[in-house]
1. Here are some residues: B:Asp11, B:Asp49, B:Asp34. Which one is of a type outside the set (Gly, Ala, Ser), in contact (Cβ under 8 Å) with a residue 24 or more places away in the chain and more than 29 Å from B:Ala307 (Cα to Cα)?
2. Does A:Asp339 qualify as being over 29 Å from B:Val279 (Cβ atoms), assigned to a loop (DSSP other than H, G, I, E, B) and modelled with pLDDT of 90 or more?
3. For segment A:45-57, name all the residues that are farther than 18 Å from A:Gln287 by Cα and either of a type in the set (A, V, I, L, M, F, W, C) or assigned by TED's automatic domain parsing to the domain that holds A:Arg98 (or both).
4. What is the number of the single condition among (1) more than 7 Å from chain B (Cβ to nearest Cβ); (2) under 18 Å from the mean Cα position of the chain (by Cα) that A:Val290 does not meet?
5. Before we move on, is B:Leu302 of a type outside the set (Gly, Ala, Ser), in contact with a helix residue (DSSP H, G or I) (Cβ under 9 Å, 6 or more places away or on another chain), more than 7 Å from chain A (Cβ to nearest Cβ) and assigned to a helix (DSSP H, G or I)?
6. State which residue pairs qualify: first residue touching a residue at least 60 places away in the same chain (Cβ under 8 Å) and among the hydroxyl-bearing types (Ser, Thr, Tyr) and inside segment A:304-320, second residue part of a helix (DSSP H, G or I) and crowded, with 18+ Cβ neighbours inside 10 Å in any location, beta carbons under 6 Å apart, and separation of 6 or more residues or different chains.
7. Can you name the strands (runs of 3 or more DSSP E) wholly within segment B:71-176 that have at least 3 residues being surrounded by fewer than 24 Cβ atoms within 10 Å (Cβ to Cβ) and aliphatic (A, V, I, L, M)?
8. Considering only segment A:241-255, state which residues are more than 7 Å from chain B (Cβ to nearest Cβ) and among the small types (Gly, Ala, Ser).
Amino acid sequence: MTDAAELLTRTQELLAAHPPATTERTDFLKARFDAGLAWVHYPVGLGGLGAPRDLQAVVDAGLAAAGAPDNDPRRIGIGLGMAAPTILRYGTEEQKQRLLRPLWVGEEVWCQLFSEPGAGSDLAALGTRAVRDGDTWVVNGQKVWTSSAHLARWAILVTRTDPDQPKHRGMTYFVCDMTDPGVEVRPLRQITGEAEFNEVFLSDVRIPDTMRLGEVGEGWKVAQTTLMNERVSIGGARIPREGGMIGPVATTWRERPELRTHALHQRLLDLYVEAEVARLTGERLRQQLVAGQPGPEGSGMKLAFARLNQEISGLEVELRGEEGLLYDDWTMRRPELVDFTGRDAGYRYLRSKGNSIEGGTSEVLLNIVAERVLGLPAEPRTDKDVAWKDLAR
Amino acid sequence: MNPLSEPRTPDLLYSETEDDLRAAVRALLADLGDPSRVAVRAEEGDLYDTDLWKALAADMGVAGLLVPEELGGQGASHREVAVVLEELGRAVAPAPYLTSAVVATEVLLGCDTGRAEVAHLLRELASGRRTAALVGRFAAGPDDVHLWPALDGSLAGVADAATADVLLVPTAGGLYAVERDGAGVSVVPQIPLDLTRPLAEVTLDGATGTLLAGADTTRAAVRRGLLAGAGLLASEQLGLAEWCLEETVRYTKERHQFNRPVGSFQALKHRMAQLWLEVVSSRAAARNAADTLAAGSPESPLAVALAQAYCGRVAVHAAEECVQLHGGIGMTWEHPAHLYLKRAKADSIAVGSSGAHREAVGRLVGLPVPG
């Protein structure tokens with residue numbers, strides 16, 4: 001069993017052999033991957049050492065102290081958080097060897113081709129067709145809300161391969177080469193004026209069968225692995241007091257006495273209390289995870305933060321009074337990261353509208369809490385045993 | 001103090017000892033019967049169940065949790081007291097625990113415990129043989145300390161005064177212990193909204209008392225009592241809310257209308273899921289207050305104000321949802337939901353309203369009132 005002491009030794013060996021000050025960033029990251037210090041809980045040969053996951057913190061702290069570069073995890077979050085665990089679980093040995101190293105290093109960016117115009121909350125209704133042609137599959141359809149598609153080398157893709165089966169069956173999961181000539185990426189301009197996301201049109205895209213993840217018809221099961229990891233990656237970090245959206249509005253209140261009104265004061269205090277309690281709830285969840293007693297609180301945190309972000313930023317626009325009539329910039333841009341604090345209150349107000357839609361709408365999350373946490377009975381369903389091709393759309 | 005700094009990370013979990021304590025208190029309350037008999041006792045004018053208090057205070061020793069061992073207590077902390085209050089809230093148990101074992105006890109701990117009169121009274125309260133009530137308006141919070149001009153006058157809305165053995169009267173000249181049955185003391189019960197916590201009007205006319213603390217320490221001692229009372233009331237509110245949610249979930253899984261369990265309708269389940277989120281958040285806020293009080297941290301006023309500004313409203317919301325989602329049965333005298341609603345609503349006013357605590361948060365973190 002690999003312990004903390006051994007990991008520290010290996011970290012020091014890596015730093016000695018590849019001093020960060022004189023090593024090119026990508027070279028250092030590759031060396032780190034090859035030393036098994038990328039994600040220590042992954043297997044040997046795939047960037048890990050088969051060590052307990054919580055020991056990663058030992059390595060990260062040692063490397064950060066030495067000023068070593070990281071792999072900019074926020075920029076490649078879809079690859080790290082969603083594609084990699086799915087490849088690890090369902091990929092062939094060749095797929096793992098080919099894909100995981102450039103994914104972790106950040107040389108190859110990943111995107112996720114799941115949602116479609118006709119399949120949002122009801123993802124299992126998706127209709128992008130993949131038809132087998134010998135050793136390859138021919139894919140046609142449209143995906144939407146794809147962040148990083150314009151930067152991505154690869155995509156994780158769920159398709160419909162058997163329309164005669166009920167919708168949860170008859171799906172197949174692939175790794176899609178985004179450089180295929182049949183892939184067209186168009187920016188999807190949103191409410192804020194910018195385009196974080198894309199629409200992706202797939203026209204006769206050819207995917208070799210060797211790039212399939214999991215069995216034919218098992219795509220839904222494979223997608224569950226991806227989506228479970230998405231939920232795990234949301235939340236978890238420790239937030240300082242006033243660390244969220246409440247920070248800018250509290251600062252404005254303190255610095256701009258001329259903007260204060262009694263009505264806004266009452267709302268501000270209400271939201272301050274709620275924001276602080278939400279922060280403590282997140283902290284309690286973190287402490288439960290550290291103590292090895294994960295609670296179901298995680299499913300609720302996204303709900304809480306979505307509503308708070310919306311209400312707080314809405315208040316901030318009003319607090320700014322006449323300035324709230326203005327917006328910083330409607331220029332169509334392609335930001336790589338969502339930056340809630342880098343722009344003005346109007347931007348925060350508009351962008352946070354997505355918080356209750358992306359990654360599961362608040363309405364769907366309430367169903368999940370009600371059914372999985374509280375054990376309330378599900379609504380009767382009319383779609384479970386109907387062939388996909390016969391569903392209303 | 002920089003309002004944004006957090007000098008220590010609070011421990012928001014429950015320890016094994018606290019889990020054990022909870023299990024013991026819950027078992028005791030279950031043995032003593034279901035909440036609906038509380039309404040019957042209240043109407044019979046025999047609210048405070050002496051069996052319950054004896055079992056809790058004398059047999060289990062929870063009345064003395066805050067009192068150091070050398071003064072006859074358990075030498076535990078606000079964290080354990082919070083767990084007891086969660087359970088009392090879950091059971092809407094009628095017991096003078098908050099008023100005697102928390103507020104009055106903390107007031108005495110804020111006095112010079114080297115004084116024989118103070119130490120003696122603390123020992124009695126810790127043993128549960130006697131109870132005490134602070135003679136202040138139950139609605140007044142830690143920022144609203146009022147002193148009597150002298151041992152003379154009248155005050156209504158005093159919680160648990162009618163059942164207390166000793167009245168703690170904070171005056172401009174010092175803190176006095178006055179025997180409730182003593183000469184010149186009259187305690188007249190009022191009709192409370194919350195049947196499980198009696199209120200009374202206390203009149204002192206020629207009464208005498210034992211001086212426990214001088215004028216200089218009285219105000220701070222009372223504030224200390226009310227701060228602990230407010231912070232730990234949040235745990236009672238958490239327990240109330242938790243019962244309301246659990247009972248509503250249980251009932252709506254069983255109750256059928258339109259050939260389905262009513263709990264399968266999204267219109268209802270979304271409301272329960274939202275309530276769950278509020279209960280989970282209340283737990284974090286209440287644990288934070290209890291842990292911060294236990295640590296004697298300078299953060300306690302903020303932690304208490306946050307917990308009270310939040311948990312009181314959640315308890316009311318939970319009790320209101322409990323009544324509504326039970327439908328007709330929730331409106332009856334027979335079903336215990338009304339006891340929870342009344343206690344939750346009264347608790348939301350007690351020891352400082354949500355609004356008063358919210359304004360305290362504003363002062364403490366530097367978000368001033370306009371003008």
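1. Only one candidate qualifies: B:Asp49.
2. Considered against the rule, which asks whether it is over 29 Å from B:Val279 (Cβ atoms), assigned to a loop (DSSP other than H, G, I, E, B) and modelled with pLDDT of 90 or more, A:Asp339 comes out as no.
3. Within segment A:45-57, A:Leu46, A:Leu49, A:Ala51 meet the criteria.
4. Status for A:Val290: all satisfied but (2).
5. Answer is yes for this residue.
6. A:Ser313/A:Arg348; A:Ser313/A:Tyr349; A:Ser313/A:Ser352
7. B:153-159
8. A:Gly243, A:Gly244, A:Gly247
The values are calculated or read from the model by the stated rules, or taken from the named source; none is laboratory data. These numbers come from a predicted model, not from an experiment. Note that each Cβ is placed from the backbone with ideal geometry, even for glycine, and that neighbours are counted across all protein chains shown.
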